[in-house]
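Everything on this sheet refers to the single structure shown next.
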Amino acid sequence: MPSAIAVSGLRKSFGDKVVLDGIDLEVPAGTTFALLGPNGSGKTTTVQILSTLIGASGGTASIAGHDLATEPQAVRGAIGVTGQFSAVDNLLTGEENLILMAALHHLDRAEGRRRTAELLDRFDLVDAAKRLASTYSGGMRRRLDLAMTLIGRPRVIFLDEPTTGLDPRSRRLMWQIVRELVAGGVTIFLTTQQLEEADELADRIAVLDGGKVVAAGTPDELKRGLPGGHVRLMFQEKSDLDAAVRAVEHGSPDDEALTLDVPSDDGVRALRDLLDRLDKAGIEVAGLDVRTPDLEDVFYKLTEKEAAR
Amino acid sequence: MTDAMTMVRRNFAHTRRNPGAIIMTIALPVVLLLLFVGVFGGALRAGFGSSEDYIDYVVAGVLIMAVGYGSTTTALAVNRDITEGVIARFRTMAISRASVLTGHVVGSTVRTLAGAVLVVLVALALGLRLHGGPLGWLAAAGLLALLTIAMTWLGVAAGLAAKTAEGVAPFTLIVQLLPFLSSAFVPPGSMTGALRWFAAHEPFTPIIDTLRALLLGTAIGDRWILAVGWCLALALAGYLWARALFARDPNR
C-alpha cells in the first residue's frame, strides 16, 4: 500500500522550547491513524505542520505523494482539516458555509448547491441549514466543520480532537462518519486524548509524549507490549482467601476486599488450570473477573516512564 | 481573482448579518455630522466669519471620521476571523493566500464609501454648498477612496496583530482621535502651542484640507502632493505590515 502520510525526523521548536523532537510516522493510504497523547504533547502542532499551517523546524514529510516543504499548495489540494484550531464562519448559515467552501474549491454553482444539499442531509443538518452557525450546538458545529472539509473530496483528512467536548451520542455519530469515510477510501489522521476513541477507530496508533513518539503499533500490538492481564478472584470468607493464597502461590491478596489477583496470560487453559487447582483444594470462590490490559494501561505505563525521567 | 471575489461576497454577507458594522460605518458618520452641525455649529460659526457656513468646513472632517470608523470595523472583523480560526481553515486550503484579506479590504472600502455618499447627501440637505465642480468632486472621491484603502489595510494589520478584540482598542483610539487633532473640525491656527504644531503636521491635516478644497472649489495650492503622498505611504505601510503578519506562524 502506498503511504498517504510519511513523516521523517519532524522537529518543531518555538524559540528554545522544543515541541516536537524528531518524530517519524507512516500512514498507509485508506487507513485510520491515531496520534494519542496528553495535553501539550505536541499533537496539535503535528497536525498544524502536516496541514501546511505552520512550518517545521526540521525533518521531512510528504502527504498524498507531495512534499510538504516544496509543494504546499499541492498538499493543500489533497487534504481537509477539521478540529480545534480550524473553524466555521459564525456569521454565515450552515448552508452558506458549505456554499462558501464549494466556491473556494471552484465547483460550479449547480454542483456546489448539489454537494451542499447532499452533505447537509448526510450530516443531519437540513433543519439547521438556514440558521447562523453561531447558534449551533457543539455537535452540530463539529458536523458542519467536517462537512465543510468534505466539500473538496479530500484524500487525506486531519481530525484534530474531533470529539473533544461532545456528548456520547454526538461522539458515536462522529465515529460512524469517520468509519464511513475510511470505507470510501479516505485516509484519516486523527489526534485524541481518549484511549477509547483511538482503540475504536484506529488501525495504527502512535503515542506522543513530550514531543516524541514513545510507542507505535496496532492497538493489539500496544496492548501486547504490556505484561499480561490478571484474574481477580473474590471470596466470602477470609479463610478461603488464605487457603487460595497458599494454593496459588504467586497471587497478590487484598485482605480488606477479600480478593486475590492472579497474573494470567489471559489464555482459557490457564484460567481452567487455576480454577481446577482451587476446586481440588476445596476452596469456595464467590466470583471472578478476567482483566485484560487495555490501552489505558499502555498509556499510563508509557507516559509514567516519561514523567519519571 | 475568483477566490478574492468569493471572499468579497463573504464580506458582504457578513455586513448584512452584522448590524453593528452598518451602524458604525454608515449611520455613525451621519450622526456625527448632525452632532457637529447642530450642536457645535452655532457656537463655532462665530469663528468662521459671516460668509462661511460651518457645515462647509466640517464635512471633510466628518468624511475622514467615516473612513476611521470603517477601518476600525475592519480591524475587528479581521481579528474575529483570526481568533475564531476561520483564517486557519482558509490557510490549509488550495486557494489564493491573501484573498481573505482582499475580501475585507474591498468590502470595507465599499461600505465606507457608501457611508461617505450618505454623509454628503445629508450635508447637502442641511445646506452644504459644493462649488468644486465635477472634476473636483471626482478628484475628492478618488482621494477619499485612496485614503480608505490605506486606512483599511492598516485596520487589517491591526486586526491581525491583536491577540483579542480588546487588543484592537489602541488602533481605534488613534484613528478616532487623530482627526480631532487636525484641521477636521477647527483650523489648527485656533489651537494652542504644541497642539497647533502637531495638528499642522500630522497626516490627516493635508488630506482633509485637500479634500475640503476639492469639494468646495477653493484654492488647493500644493498641499495635495503631501496629501496623496501620505495616503500612498500609509497604504504601503499597512499592506506590508498586514502581509508580514499574515505570513508568520499563527500560534506564536
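The values are calculated or read from the model by the stated rules, or taken from the named source; none is laboratory data. This structure is a prediction, so every number in the text was calculated from the model and none was measured. Counting neighbours? That spans all protein chains shown, and the Cβs are built from the backbone with ideal geometry, glycine included. We work out accessible area using only protein heavy atoms, side chains counted, and drop any ligands, DNA or RNA first. Shrake-Rupley method; radii C 1.70, N 1.55, O 1.52, S 1.80 Å.
Taken together, the residues in region B:76-109 that are of a type in the set (Lys, Arg) and crowded, with 24+ Cβ neighbours inside 10 Å amount to 1. Between B:Thr112, B:Thr73, B:Thr148, the distinction of being over 30 Å from A:Pro72 (Cα atoms), buried (at least 20 other Cβ atoms within 10 Å of the Cβ) and within 14 Å of chain A (Cβ to nearest Cβ) belongs to B:Thr73 only.
Restricted to region A:166-280, the set of helices (runs of 4 or more DSSP H) holding at least 1 residues that are open to solvent by 40 Å² or more (accessible area, probe 1.4 Å) and hydroxyl-bearing (Ser, Thr, Tyr) comprises A:238-248. Among the residues of region A:47-80, those identified as within 11 Å of chain B (Cβ to nearest Cβ), in a loop (DSSP other than H, G, I, E, B) and either of a type in the set (Asp, Glu) or touching a residue at least 24 places away in the same chain (Cβ under 8 Å) (or both) are A:Ser51, A:Thr52, A:Leu53, A:Ile54, A:Ala56, A:Ser57, A:Glu71.
Does region A:238-261 include one or more residues that are in contact with an Asp or Glu (Cβ under 9 Å, 6 or more places away or on another chain), at pLDDT 75 or above and under 29 Å from A:Ile205 (Cβ atoms)? So far as region A:238-261 goes, yes, one or more of its residues are in contact with an Asp or Glu (Cβ under 9 Å, 6 or more places away or on another chain), at pLDDT 75 or above and under 29 Å from A:Ile205 (Cβ atoms).
Screening A:Leu107, A:Leu91 for residues that are closer than 17 Å to B:Met7 by Cβ, open to solvent by 50 Å² or more (accessible area, probe 1.4 Å) and either more than 8 Å from chain B (Cβ to nearest Cβ) or not in a strand (DSSP E or B) (or both) leaves exactly one candidate, A:Leu107. Number of residues in region B:81-103 that are over 20 Å from B:Met5 (Cα atoms) and more than 8 Å from every other protein chain (Cβ to nearest Cβ): the value is 1.
Are any of the residues in region B:20-31 open to solvent by 70 Å² or more (accessible area, probe 1.4 Å), at the interface with chain A (Cβ under 10 Å from one of its Cβ atoms) and either under 15 Å from B:Val117 (Cα atoms) or modelled with pLDDT of 85 or more (or both)? The answer is no, given that none of the residues of region B:20-31 is open to solvent by 70 Å² or more (accessible area, probe 1.4 Å), at the interface with chain A (Cβ under 10 Å from one of its Cβ atoms) and either under 15 Å from B:Val117 (Cα atoms) or modelled with pLDDT of 85 or more (or both).
Please indicate, with yes or no, whether at least one residue in region A:149-157 is more than 14 Å from A:Glu95 (Cβ to Cβ), in a helix (DSSP H, G or I) and among the basic types (Lys, Arg). So far as region A:149-157 goes, no, none of its residues is more than 14 Å from A:Glu95 (Cβ to Cβ), in a helix (DSSP H, G or I) and among the basic types (Lys, Arg). Taken over region A:258-272, the residue count meeting the criterion of being closer than 17 Å to A:Ile283 by Cβ and not polar (S, T, N, Q) is 6. Using the structure shown, decide if A:Ala34 is open to solvent by 10 Å² or more (accessible area, probe 1.4 Å) and in contact (Cβ under 8 Å) with a residue 24 or more places away in the chain. So A:Ala34 fails the test.
Looking at the structure I just gave you, is A:Thr44 within 11 Å of chain B (Cβ to nearest Cβ), open to solvent by less than 10 Å² (accessible area, probe 1.4 Å) and within 16 Å of A:Thr164 (Cβ to Cβ)? Even if it seems obvious, please write down each step before you answer.
Numbers: within 11 Å of chain B (Cβ to nearest Cβ): yes; open to solvent by less than 10 Å² (accessible area, probe 1.4 Å): no; within 16 Å of A:Thr164 (Cβ to Cβ): yes.
No; evaluated as a whole, the condition is false for this residue.
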